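One structure coming up, written as structure tokens, with questions to follow.
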Amino acid sequence: MEMLHIREKADAIKARQRGRDIAKAIGFSLVDQTVIAYTISELALQLISFSEKGHMTIRQISPSKGEPASGIEVRLFDHFRGSSRIHLQLIEKLADDIELSHDQLRGTMITLRKWIVTPLRMDSPNCAAGEE
């Protein structure tokens with residue numbers, strides 16, 4: 001897991017590139033790599049537009065322990081102690097899973113996950129009960 005402090009546009013560019021690199025290493029398609037990079041960039045730019053500081057973490061994830069990574073998780077921490085100022089309307093359509101939590105002491109935490117869609121395997125026949 002890598003923590004990136006987001007204070008200026010250069011930080012947003014670094015986060016965007018790091019997200020794209022991780023997505024590429026996991027095996028996301030070029031289109032999904034672009035969607036992930038765009039999402040990270042938009043969230044980072046929203047953090048910059050406010051005077052408060054924030055940071056994000058980006059990491060590979062897998063559906064269960066022991067399986068190879070097949071997804072990416074981005075966590076955004078907005079250190080603002082009031083109600084959330086991050087707008088998720090567009091971002092919601094780009095992520096597979098979103099969690100939002102708010103704490104008066106720590107601010108808002110947004111967790112986004114995107115999974116690689118794997119095609120169905122047809123190498124072994126699936127038979128119903130009684131079929132051979």
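We did not get these values from a lab; they are worked out from the coordinates using the rules stated. Owing to the predicted nature of the structure, the values given are computational and were not obtained by experimental measurement. Note that each Cβ is placed from the backbone with ideal geometry, even for glycine, and that neighbours are counted across all protein chains shown.
Where residues in the stretch 43-68 are more than 21 Å from Gln89 (Cα to Cα) and free of Cβ contacts under 8 Å to residues at least 24 places away in the same chain, which of them is surrounded by the most Cβ atoms within 10 Å (Cβ to Cβ)?
Here the answer is Ser62.
One residue is enough: does the stretch 70-78 have a residue meeting the conditions surrounded by 15 or more Cβ atoms within 10 Å (Cβ to Cβ), farther than 19 Å from Val117 by Cβ and of a type in the set (Ser, Thr, Tyr)?
Of all residues in the stretch 70-78, those surrounded by 15 or more Cβ atoms within 10 Å (Cβ to Cβ) come to 70-78.
Imposing the further condition that a residue be farther than 19 Å from Val117 by Cβ reduces the set to 75-78.
Pick out the ones that are also of a type in the set (Ser, Thr, Tyr) and you get none.
No: the stretch 70-78 contains no residue that is surrounded by 15 or more Cβ atoms within 10 Å (Cβ to Cβ), farther than 19 Å from Val117 by Cβ and of a type in the set (Ser, Thr, Tyr).
Restricting attention to the stretch 19-42, report how many residues are acidic (Asp, Glu) and free of Cβ contacts under 8 Å to residues at least 24 places away in the same chain. Before you say what the answer is, go through the steps one by one.
We begin by selecting, within the stretch 19-42, every residue acidic (Asp, Glu); these are 21, 32, 42.
Adding the requirement that they be free of Cβ contacts under 8 Å to residues at least 24 places away in the same chain leaves 21.
Here the count works out to 1.
Out of (1) at positive phi; (2) part of a helix (DSSP H, G or I), the odd one out for Gly66 is which?
Every listed condition holds for Gly66 apart from (2).
Sticking with this one: What pairs can you find where one residue is in the stretch 89-113 and within 27 Å of Ile26 (Cα to Cα), the other is part of a loop (DSSP other than H, G, I, E, B) and of a type in the set (Val, Ile, Thr), and their Cβ atoms are less than 7 Å apart, with a gap of 6+ or different chains?
Matching pairs, first to second residue: Ile110/Ile86.
Another question, if that's okay. Can you confirm whether the stretch 30-37 contains a residue that is farther than 24 Å from Ala69 by Cβ and more than 13 Å from the chain's Cα centre (by Cα)?
Going through the stretch 30-37, the residues farther than 24 Å from Ala69 by Cβ turn out to be none.
There is no residue in the stretch 30-37 that is farther than 24 Å from Ala69 by Cβ and more than 13 Å from the chain's Cα centre (by Cα).
Search the stretch 1-42 for residues being part of a strand (DSSP E or B) and touching an Asp or Glu at 6+ places or on another chain (Cβ under 7 Å), and hand back the single one that is surrounded by the most Cβ atoms within 10 Å (Cβ to Cβ). So that I can check it myself, show each step before the final result.
Our first condition is that a residue be part of a strand (DSSP E or B); within the stretch 1-42, this holds for 2-6.
Restricting the remaining residues to those that are touching an Asp or Glu at 6+ places or on another chain (Cβ under 7 Å) gives 4-5.
Working: Leu4: 20, His5: 14.
In this case the residue turns out to be Leu4.
Against the definition (farther than 17 Å from Val117 by Cα and surrounded by 18 or more Cβ atoms within 10 Å (Cβ to Cβ)), how does Gly107 come out, yes or no?
Numbers: farther than 17 Å from Val117 by Cα: yes; surrounded by 18 or more Cβ atoms within 10 Å (Cβ to Cβ): yes.
Yes, satisfied.
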